[in-house]
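Enquirer: This structure is in C-alpha coordinates; I'll ask about it shortly.
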(Lines give C-alpha, C1' and ligand atoms only; values in the text may rest on other atoms or scores of the structure.)
Protein backbone atom coordinates (compact mmCIF):
# COMPACT_ATOMS: atom_id res chain seq x y z
CA UNK A 1 0.00 0.00 0.00
CA UNK A 2 1.54 3.27 -1.10
CA UNK A 3 1.74 6.26 1.19
CA UNK A 4 -1.38 8.36 0.73
CA UNK A 5 0.11 11.85 0.68
CA UNK A 6 -3.32 13.42 0.29
CA UNK A 7 -4.49 12.12 3.68
CA UNK A 8 -1.41 13.34 5.52
CA UNK A 9 -1.81 16.68 7.34
CA UNK A 10 0.77 19.33 6.51
CA UNK A 11 1.47 19.89 10.24
CA UNK A 12 2.54 16.90 12.32
CA UNK A 13 2.68 16.84 16.13
CA UNK A 14 6.16 15.76 17.24
CA UNK A 15 6.13 14.26 20.74
CA UNK A 16 9.81 14.88 21.46
CA UNK A 17 9.55 18.17 23.39
CA UNK A 18 6.32 17.76 25.35
CA UNK A 19 5.52 20.20 28.18
CA UNK A 20 7.01 19.27 31.54
CA UNK A 21 6.06 20.03 35.12
CA UNK A 22 8.18 19.12 38.13
CA UNK A 23 10.55 17.18 35.86
CA UNK A 24 7.79 15.02 34.34
CA UNK A 25 5.63 15.27 31.24
CA UNK A 26 2.71 17.60 31.98
CA UNK A 27 -0.17 15.28 31.08
CA UNK A 28 -2.94 17.88 31.41
CA UNK A 29 -1.29 20.39 29.10
CA UNK A 30 -0.36 17.63 26.66
CA UNK A 31 -4.01 16.58 26.52
CA UNK A 32 -5.11 20.14 25.80
CA UNK A 33 -2.56 20.35 22.99
CA UNK A 34 -3.70 17.02 21.54
CA UNK A 35 -7.30 18.22 21.65
CA UNK A 36 -6.50 21.52 19.93
CA UNK A 37 -4.55 19.68 17.24
CA UNK A 38 -7.29 17.11 16.62
CA UNK A 39 -10.03 19.78 16.71
CA UNK A 40 -8.18 21.55 13.88
CA UNK A 41 -8.62 18.44 11.71
CA UNK A 42 -4.98 17.32 12.09
CA UNK A 43 -4.03 13.79 13.07
CA UNK A 44 -0.35 12.77 12.61
CA UNK A 45 1.67 12.10 15.78
CA UNK A 46 5.38 11.28 15.81
CA UNK A 47 7.15 9.67 18.76
CA UNK A 48 10.15 7.38 19.31
CA UNK A 49 11.45 4.72 21.68
CA UNK A 50 13.94 7.12 23.28
CA UNK A 51 11.97 10.39 23.50
CA UNK A 52 11.48 11.75 27.03
CA UNK A 53 13.57 8.91 28.43
CA UNK A 54 11.18 6.33 27.01
CA UNK A 55 8.01 8.00 28.28
CA UNK A 56 6.87 9.74 25.08
CA UNK A 57 5.25 6.57 23.72
CA UNK A 58 3.53 6.08 27.08
CA UNK A 59 2.19 9.65 26.98
CA UNK A 60 0.94 9.00 23.45
CA UNK A 61 -1.14 6.19 24.93
CA UNK A 62 -2.48 8.28 27.79
CA UNK A 63 -3.14 11.56 25.96
CA UNK A 64 -4.12 10.19 22.55
CA UNK A 65 -4.80 6.46 22.24
CA UNK A 66 -7.03 6.17 25.30
CA UNK A 67 -8.97 9.32 24.40
CA UNK A 68 -9.58 8.96 20.66
CA UNK A 69 -10.83 6.24 18.35
CA UNK A 70 -7.94 4.43 16.65
CA UNK A 71 -9.20 5.28 13.17
CA UNK A 72 -9.08 9.02 13.92
CA UNK A 73 -5.29 9.42 14.15
CA UNK A 74 -2.00 8.20 12.71
CA UNK A 75 0.87 7.27 15.04
CA UNK A 76 4.53 6.96 14.07
CA UNK A 77 7.48 5.65 16.08
CA UNK A 78 11.00 4.42 15.42
CA UNK A 79 13.48 1.56 15.92
CA UNK A 80 16.78 2.88 17.39
CA UNK A 81 19.99 1.25 16.12
CA UNK A 82 21.87 2.14 19.30
CA UNK A 83 19.52 -0.03 21.39
CA UNK A 84 20.01 -3.11 19.22
CA UNK A 85 22.49 -5.82 20.24
CA UNK A 86 21.08 -8.74 18.24
CA UNK A 87 18.15 -9.67 16.00
CA UNK A 88 15.95 -10.61 18.95
CA UNK A 89 16.09 -6.99 20.10
CA UNK A 90 14.09 -5.89 17.07
CA UNK A 91 10.96 -7.74 18.19
CA UNK A 92 11.61 -7.06 21.87
CA UNK A 93 11.69 -3.32 21.31
CA UNK A 94 8.82 -3.36 18.82
CA UNK A 95 6.55 -5.32 21.15
CA UNK A 96 7.48 -2.99 24.01
CA UNK A 97 6.53 -0.04 21.82
CA UNK A 98 3.13 -1.55 21.03
CA UNK A 99 2.55 -2.05 24.75
CA UNK A 100 3.78 1.41 25.70
CA UNK A 101 1.58 3.09 23.10
CA UNK A 102 -1.39 0.81 23.71
CA UNK A 103 -1.92 0.04 20.02
CA UNK A 104 -2.03 -3.06 17.82
CA UNK A 105 -0.17 -1.44 14.93
CA UNK A 106 1.75 1.69 13.95
CA UNK A 107 0.65 3.71 10.96
CA UNK A 108 4.21 4.81 10.20
CA UNK A 109 7.36 3.08 11.43
CA UNK A 110 10.92 4.28 10.88
CA UNK A 111 14.47 3.05 11.23
CA UNK A 112 15.66 5.83 13.49
CA UNK A 113 18.38 8.22 12.37
CA UNK A 114 20.19 6.29 9.64
CA UNK A 115 23.71 7.67 9.37
CA UNK A 116 27.18 6.51 8.37
CA UNK A 117 27.91 5.25 11.89
CA UNK A 118 24.92 2.90 12.25
CA UNK A 119 23.93 1.73 8.77
CA UNK A 120 26.11 -1.35 9.18
CA UNK A 121 24.12 -2.41 12.23
CA UNK A 122 20.80 -1.92 10.47
CA UNK A 123 22.09 -4.02 7.57
CA UNK A 124 23.77 -6.69 9.72
CA UNK A 125 20.61 -7.22 11.78
CA UNK A 126 18.47 -7.31 8.63
CA UNK A 127 16.26 -4.47 9.84
CA UNK A 128 14.99 -3.50 6.39
CA UNK A 129 13.53 -6.94 5.60
CA UNK A 130 12.32 -7.24 9.20
CA UNK A 131 10.32 -4.02 8.82
CA UNK A 132 8.58 -5.24 5.69
CA UNK A 133 7.72 -8.50 7.43
CA UNK A 134 6.06 -6.45 10.16
CA UNK A 135 4.16 -4.62 7.45
CA UNK A 136 3.03 -7.92 5.93
CA UNK A 137 1.78 -8.94 9.38
CA UNK A 138 -0.27 -5.74 9.57
CA UNK A 139 1.78 -4.38 12.48
CA UNK A 140 3.11 -1.51 10.33
CA UNK A 141 1.11 0.35 7.69
CA UNK A 142 4.02 2.28 6.16
CA UNK A 143 7.76 1.69 6.56
CA UNK A 144 10.47 4.33 6.15
CA UNK A 145 13.50 5.88 7.83
CA UNK A 146 14.82 9.11 9.27
CA UNK A 147 18.19 10.29 8.00
CA UNK A 148 21.20 12.20 9.32
CA UNK A 149 24.04 10.87 7.16
CA UNK A 150 26.11 11.76 4.12
CA UNK A 151 24.79 12.24 0.59
CA UNK A 152 26.69 9.18 -0.61
CA UNK A 153 25.03 7.08 2.09
CA UNK A 154 21.58 8.44 1.25
CA UNK A 155 22.01 7.57 -2.41
CA UNK A 156 23.21 4.09 -1.43
CA UNK A 157 20.22 3.47 0.86
CA UNK A 158 17.75 4.71 -1.75
CA UNK A 159 19.37 2.52 -4.43
CA UNK A 160 19.59 -0.63 -2.30
CA UNK A 161 16.21 -0.28 -0.58
CA UNK A 162 13.88 1.19 -3.22
CA UNK A 163 10.80 -0.20 -1.45
CA UNK A 164 11.16 2.15 1.51
CA UNK A 165 8.02 4.27 1.40
CA UNK A 166 9.06 7.59 2.89
CA UNK A 167 11.94 9.45 4.47
CA UNK A 168 12.19 11.92 7.35
CA UNK A 169 14.86 14.60 6.92
CA UNK A 170 16.05 17.71 8.72
CA UNK A 171 15.21 20.82 6.72
CA UNK A 172 15.07 24.53 7.52
CA UNK A 173 16.23 27.72 5.84
CA UNK A 174 19.30 28.13 8.06
CA UNK A 175 20.58 24.61 7.28
CA UNK A 176 19.93 24.69 3.53
CA UNK A 177 23.63 25.12 2.71
CA UNK A 178 24.98 23.72 6.00
CA UNK A 179 27.95 21.48 5.02
CA UNK A 180 27.15 18.99 7.80
CA UNK A 181 23.35 18.83 7.73
CA UNK A 182 23.18 19.41 3.94
CA UNK A 183 19.44 20.17 4.03
CA UNK A 184 19.29 21.51 0.49
CA UNK A 185 21.26 18.74 -1.18
CA UNK A 186 19.41 16.02 0.77
CA UNK A 187 16.07 17.56 -0.17
CA UNK A 188 17.02 17.81 -3.85
CA UNK A 189 18.19 14.19 -4.00
CA UNK A 190 15.06 12.85 -2.31
CA UNK A 191 12.77 15.04 -4.41
CA UNK A 192 14.47 13.81 -7.59
CA UNK A 193 13.45 10.27 -6.55
CA UNK A 194 9.82 11.34 -5.98
CA UNK A 195 9.96 9.98 -2.44
CA UNK A 196 7.50 11.46 0.08
CA UNK A 197 9.26 13.56 2.73
CA UNK A 198 8.45 14.21 6.36
CA UNK A 199 10.37 17.21 7.65
CA UNK A 200 11.89 17.51 11.12
CA UNK A 201 13.56 20.53 12.74
CA UNK A 202 11.81 23.13 10.56
CA UNK A 203 12.48 25.74 13.27
CA UNK A 204 15.90 24.24 14.14
CA UNK A 205 15.04 23.36 17.73
CA UNK A 206 13.49 26.79 18.32
CA UNK A 207 16.44 28.76 16.94
CA UNK A 208 14.27 30.21 14.18
CA UNK A 209 11.34 31.08 16.45
CA UNK A 210 13.04 34.05 18.13
CA UNK A 211 15.67 36.23 16.46
CA UNK A 212 17.57 39.43 17.13
CA UNK A 213 15.16 42.40 17.10
CA UNK A 214 16.66 43.85 13.91
CA UNK A 215 16.10 40.52 12.12
CA UNK A 216 12.58 40.10 13.42
CA UNK A 217 11.85 43.62 12.19
CA UNK A 218 12.58 42.52 8.61
CA UNK A 219 9.86 39.87 8.87
CA UNK A 220 7.44 42.13 10.73
CA UNK A 221 7.74 44.76 8.00
CA UNK A 222 6.03 42.37 5.59
CA UNK A 223 3.76 40.46 7.98
CA UNK A 224 3.28 42.43 11.21
CA UNK A 225 0.85 39.93 12.77
CA UNK A 226 2.72 36.73 11.86
CA UNK A 227 4.97 34.97 14.34
CA UNK A 228 8.67 34.58 13.58
CA UNK A 229 8.30 30.80 13.70
CA UNK A 230 5.63 30.91 10.99
CA UNK A 231 8.25 32.10 8.48
CA UNK A 232 10.29 28.95 9.06
CA UNK A 233 7.25 26.71 8.62
CA UNK A 234 6.08 28.51 5.50
CA UNK A 235 9.56 28.27 3.99
CA UNK A 236 9.54 24.47 4.30
CA UNK A 237 5.86 24.05 3.40
CA UNK A 238 6.40 26.05 0.19
CA UNK A 239 8.74 23.37 -1.16
CA UNK A 240 7.30 20.69 -3.48
CA UNK A 241 7.40 17.08 -2.34
CA UNK A 242 6.98 17.83 1.36
CA UNK A 243 4.35 15.51 2.84
CA UNK A 244 4.27 16.57 6.50
CA UNK A 245 6.20 19.02 8.67
CA UNK A 246 6.80 18.01 12.28
CA UNK A 247 6.76 20.49 15.12
CA UNK A 248 7.99 19.40 18.55
CA UNK A 249 5.65 21.72 20.42
CA UNK A 250 6.17 22.38 24.12
CA UNK A 251 3.37 24.81 24.97
CA UNK A 252 -0.22 25.44 23.97
CA UNK A 253 0.58 28.83 22.48
CA UNK A 254 3.00 27.16 20.06
CA UNK A 255 0.26 24.73 19.04
CA UNK A 256 -2.26 27.50 18.38
CA UNK A 257 0.28 29.57 16.45
CA UNK A 258 1.25 26.63 14.24
CA UNK A 259 -2.38 25.73 13.59
CA UNK A 260 -3.00 29.33 12.55
CA UNK A 261 -0.02 29.16 10.14
CA UNK A 262 -1.37 26.10 8.37
CA UNK A 263 -5.12 26.80 8.61
CA UNK A 264 -5.02 29.24 5.69
CA UNK A 265 -1.60 28.39 4.36
CA UNK A 266 0.10 30.80 1.95
CA UNK A 267 3.37 29.88 0.21
CA UNK A 268 6.17 32.41 0.46
CA UNK A 269 6.01 35.16 -2.15
CA UNK A 270 9.13 36.17 -4.09
CA UNK A 271 9.51 39.23 -1.84
CA UNK A 272 9.25 37.06 1.28
CA UNK A 273 11.79 34.57 -0.08
CA UNK A 274 14.21 37.45 -0.58
CA UNK A 275 13.80 38.53 3.05
CA UNK A 276 14.38 34.97 4.29
CA UNK A 277 17.57 34.83 2.23
CA UNK A 278 18.71 38.15 3.71
CA UNK A 279 18.01 37.01 7.28
CA UNK A 280 19.83 33.74 6.60
CA UNK A 281 22.94 35.53 5.35
CA UNK A 282 23.05 37.72 8.45
CA UNK A 283 22.47 34.81 10.85
CA UNK A 284 25.20 32.72 9.26
CA UNK A 285 27.67 35.48 10.06
CA UNK A 286 26.92 35.05 13.79
CA UNK A 287 28.84 32.14 15.43
CA UNK A 288 26.32 29.49 16.54
CA UNK A 289 26.47 25.91 17.80
CA UNK A 290 24.19 23.88 15.55
CA UNK A 291 22.38 22.06 18.37
CA UNK A 292 18.68 21.29 17.79
CA UNK A 293 18.00 20.25 21.42
CA UNK A 294 16.95 16.72 20.48
CA UNK A 295 18.49 15.62 23.83
CA UNK A 296 19.78 12.30 22.50
CA UNK A 297 23.02 13.22 24.28
CA UNK A 298 21.40 13.65 27.68
CA UNK A 299 20.12 10.18 28.62
CA UNK A 300 23.55 8.57 28.71
CA UNK A 301 25.53 11.48 30.18
CA UNK A 302 27.17 10.16 33.38
CA UNK A 303 27.53 13.70 34.74
CA UNK A 304 23.86 14.63 34.16
CA UNK A 305 24.74 17.66 32.03
CA UNK A 306 21.91 19.08 29.95
CA UNK A 307 24.18 19.66 26.98
CA UNK A 308 21.53 21.42 24.85
CA UNK A 309 20.95 23.95 27.65
CA UNK A 310 24.68 24.64 27.85
CA UNK A 311 24.78 25.25 24.10
CA UNK A 312 21.60 27.34 24.24
CA UNK A 313 23.31 29.56 26.78
CA UNK A 314 26.39 30.01 24.59
CA UNK A 315 24.29 30.65 21.48
CA UNK A 316 22.22 33.26 23.29
CA UNK A 317 25.38 34.99 24.47
CA UNK A 318 26.71 35.04 20.91
CA UNK A 319 23.46 35.99 19.20
CA UNK A 320 22.50 38.83 21.50
CA UNK A 321 25.98 39.89 22.62
CA UNK A 322 24.82 39.56 26.22
CA UNK A 323 26.36 37.88 29.26
CA UNK A 324 24.31 38.45 32.40
CA UNK A 325 20.91 36.88 31.64
CA UNK A 326 22.22 33.81 29.77
CA UNK A 327 24.64 33.06 32.61
CA UNK A 328 21.85 33.53 35.17
CA UNK A 329 19.76 31.01 33.20
CA UNK A 330 22.66 28.54 33.18
CA UNK A 331 23.43 28.97 36.88
CA UNK A 332 19.76 28.46 37.72
CA UNK A 333 19.84 25.09 35.95
CA UNK A 334 23.00 24.12 37.83
CA UNK A 335 21.37 25.03 41.14
CA UNK A 336 18.40 22.85 40.16
CA UNK A 337 20.71 19.84 39.75
CA UNK A 338 22.20 20.03 36.27
CA UNK A 339 25.88 19.21 35.94
CA UNK A 340 28.21 22.05 34.97
CA UNK A 341 29.93 22.19 31.60
CA UNK A 342 33.22 21.79 33.47
CA UNK A 343 31.96 18.46 34.89
CA UNK A 344 32.31 16.87 31.44
CA UNK A 345 34.65 13.85 31.56
CA UNK A 346 34.99 13.59 27.76
CA UNK A 347 33.59 10.05 27.66
CA UNK A 348 32.25 10.62 24.13
CA UNK A 349 28.83 9.04 24.67
CA UNK A 350 27.18 12.25 23.52
CA UNK A 351 29.15 12.48 20.30
CA UNK A 352 28.25 8.90 19.38
CA UNK A 353 24.52 9.71 19.25
CA UNK A 354 24.48 13.36 18.10
CA UNK A 355 22.50 13.62 14.81
CA UNK A 356 24.25 16.91 14.06
CA UNK A 357 27.72 15.32 14.48
CA UNK A 358 28.83 18.14 16.75
CA UNK A 359 32.31 18.04 18.40
CA UNK A 360 30.60 18.15 21.79
CA UNK A 361 33.67 17.43 23.92
CA UNK A 362 35.54 20.38 22.38
CA UNK A 363 32.50 22.62 22.62
CA UNK A 364 31.93 21.70 26.27
CA UNK A 365 35.52 22.69 27.11
CA UNK A 366 34.97 26.05 25.43
CA UNK A 367 31.63 26.49 27.21
CA UNK A 368 33.23 25.67 30.57
CA UNK A 369 35.82 28.38 29.99
CA UNK A 370 33.04 30.93 29.47
CA UNK A 371 30.50 29.75 31.99
CA UNK A 372 32.41 28.19 34.88
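The values are calculated or read from the model by the stated rules, or taken from the named source; none is laboratory data. Every value quoted in this text rests on a predicted model; they were computed, and no experiment measured them. In this analysis, Cβ positions are derived from the backbone assuming ideal geometry, glycine residues included, and neighbour counts consider all displayed protein chains.
Enquirer: When you go through (1) touching a helix residue (DSSP H, G or I) at 6+ places or on another chain (Cβ under 7 Å); (2) part of a helix (DSSP H, G or I); (3) farther than 24 Å from residue 53 by Cα one by one for residue 330, which number turns out not to apply?
Expert: (3)
Enquirer: For residues in the stretch 307-323 being over 23 Å from residue 352 (Cβ atoms) and in a helix (DSSP H, G or I), which is modelled with the highest pLDDT?
Expert: 313
Enquirer: Just one of 120, 188 is over 21 Å from residue 241 (Cβ atoms) and without any contact (Cβ under 8 Å) to a residue 24 or more places away in the chain; which is it?
Expert: 120
Enquirer: For the stretch 197-209, give me the residue count where each residue is buried (at least 20 other Cβ atoms within 10 Å of the Cβ) and either without any contact (Cβ under 8 Å) to a residue 60 or more places away in the chain or outside any helix (DSSP H, G or I) (or both).
Expert: 9
Enquirer: Further, regarding this structure: How many residues, within the stretch 309-325, are farther than 13 Å from residue 372 by Cα and in contact (Cβ under 8 Å) with a residue 12 or more places away in the chain?
Expert: 9
Enquirer: Across the stretch 272-283, which residue is nearest to residue 316 (Cα to Cα) among those that are touching a helix residue (DSSP H, G or I) at 6+ places or on another chain (Cβ under 7 Å) and surrounded by fewer than 17 Cβ atoms within 10 Å (Cβ to Cβ)?
Expert: 282
Enquirer: Out of 137, 115, 165, 155, report the one residue that is in the same structural domain as residue 89 (by TED's automatic domain parsing) and free of Cβ contacts under 8 Å to residues at least 24 places away in the same chain.
Expert: 137
Enquirer: Which one is surrounded by the fewest Cβ atoms within 10 Å (Cβ to Cβ), of the residues in the stretch 340-354 that are outside any helix (DSSP H, G or I) and touching a helix residue (DSSP H, G or I) at 6+ places or on another chain (Cβ under 9 Å)?
Expert: 348
Residue-by-condition table, conditions (1) farther than 20 Å from residue 242 by Cβ; (2) touching a strand residue (DSSP E or B) at 6+ places or on another chain (Cβ under 6 Å):
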residue	(1), (2)
146	no, yes
152	yes, no
156	yes, no
162	yes, no
169	no, yes
174	no, no
196	no, yes
201	no, yes
204	no, no
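Enquirer: While we're here: Go through the stretch 13-46 residue by residue and tally those that are over 20 Å from residue 308 (Cβ atoms), in contact with a strand residue (DSSP E or B) (Cβ under 8 Å, 6 or more places away or on another chain) and part of a loop (DSSP other than H, G, I, E, B).
Expert: Qualifying residue count, the stretch 13-46: 2.
Enquirer: Can you say whether residue 90 is crowded, with 16+ Cβ neighbours inside 10 Å, touching a helix residue (DSSP H, G or I) at 6+ places or on another chain (Cβ under 8 Å) and assigned by TED's automatic domain parsing to the domain that holds residue 132, as far as the supplied structure shows?
Expert: In short, yes.
Enquirer: For the stretch 38-54, how many residues are free of Cβ contacts under 8 Å to residues at least 60 places away in the same chain, farther than 21 Å from residue 141 by Cβ and crowded, with 17+ Cβ neighbours inside 10 Å?
Expert: The total comes to 1.
Enquirer: Does residue 103 qualify as being within 16 Å of residue 47 (Cα to Cα) and either surrounded by fewer than 17 Cβ atoms within 10 Å (Cβ to Cβ) or over 22 Å from the mean Cα position of the chain (by Cα) (or both)?
Expert: The answer is yes for residue 103.
Enquirer: Failed condition for residue 212, given (1) closer than 29 Å to residue 313 by Cβ; (2) surrounded by fewer than 20 Cβ atoms within 10 Å (Cβ to Cβ); (3) at pLDDT 95 or above; (4) touching a helix residue (DSSP H, G or I) at 6+ places or on another chain (Cβ under 7 Å), with all others met?
Expert: Of the numbered conditions (1) closer than 29 Å to residue 313 by Cβ; (2) surrounded by fewer than 20 Cβ atoms within 10 Å (Cβ to Cβ); (3) at pLDDT 95 or above; (4) touching a helix residue (DSSP H, G or I) at 6+ places or on another chain (Cβ under 7 Å), the odd one out for residue 212 is (3).
Enquirer: So, in the stretch 222-272, exactly how many residues are part of a helix (DSSP H, G or I) and at pLDDT below 95?
Expert: Within the stretch 222-272, residues that are part of a helix (DSSP H, G or I) and at pLDDT below 95 number 1.
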